[in-house]
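Below is one structure, written out as structure tokens, with a few remarks after it.
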Amino acid sequence: MTLDDIVNATVKAEGGYVNDPSDKGGETNFGITLATARANGYKGAMIDLPLQTAKDIYLNEYLIKPGFSTFPSEVAAELFDTGVNMGPATATKFLQRAVNALFGSGLTVDGKMGPATRGAVTGYLASRPNASSILVKALNCLQGVRYIELVEGNATQRKFINGWLANRVEI
């Protein structure tokens, strides 16, 4: 799976323009929020956001900048998907928690992708032949629990949970 494949899958899952008042992300197009588009220099109406601009934002903000693109593609894809939906720092916290549980690495769960996190992930991935698939399952479990917590904390988010679980959490 290439980085373009990862981005294209998310663009497909996110769909086009949405402005649902219940969505905490607010106005989006291709899953890119207005705030993220503005932070990346887009000044036009969200309904007119070019697909290529959305893809460029995804690639830079959710794969390259957080360091997810340095991991094997299935791990990178899972971190990317969670980062798009919950923020790269949350995806990194999930990674740190998972590697701590799976490998006993003692990482500080701070959402920052530093050398200790990269080293622990690399160490875990080298520790067993199927480590990347186990790590992806652990990340999916954490993502699913977070969706349930979101609904428990705010019932207006219930309208989204079936889609989140159906389209975001793979087992």
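The values are calculated or read from the model by the stated rules, or taken from the named source; none is laboratory data. Everything quoted here is computed from the prediction, not taken from an experiment. Cβ placement follows ideal geometry from the backbone for every residue including glycine, while neighbour counts extend to all protein chains displayed.
A few comments on the model shown:
- Options G67, G26; residue that is closer than 24 Å to Q143 by Cβ and touching a strand residue (DSSP E or B) at 6+ places or on another chain (Cβ under 9 Å): G26
- Selected residue [of a type outside the set (S, T, N, Q), free of Cβ contacts under 8 Å to residues at least 60 places away in the same chain and outside any helix (DSSP H, G or I)] from G106, G119: G106
- Residue within segment 147-168 that is farther than 30 Å from P21 by Cβ and touching a helix residue (DSSP H, G or I) at 6+ places or on another chain (Cβ under 7 Å) present: no
- Taking helices (runs of 4 or more DSSP H) as the structural unit, those lying wholly within segment 33-92 and holding at least 2 residues that are modelled with pLDDT of 95 or more and within 13 Å of the chain's Cα centre (by Cα) correspond to 73-86.
- When segment 62-88 is filtered for residues that are farther than 16 Å from R168 by Cβ and β-branched (V, I, T), the ones remaining, listed by number, are I64, T70.
- Flag: G111 matches the condition of being outside any helix (DSSP H, G or I), in the same structural domain as R168 (by TED's automatic domain parsing), more than 12 Å from the chain's Cα centre (by Cα) and modelled with pLDDT of 95 or more.
- Matching residues, segment 12-31, being in a loop (DSSP other than H, G, I, E, B), surrounded by fewer than 13 Cβ atoms within 10 Å (Cβ to Cβ) and within 17 Å of the chain's Cα centre (by Cα): G15, K24
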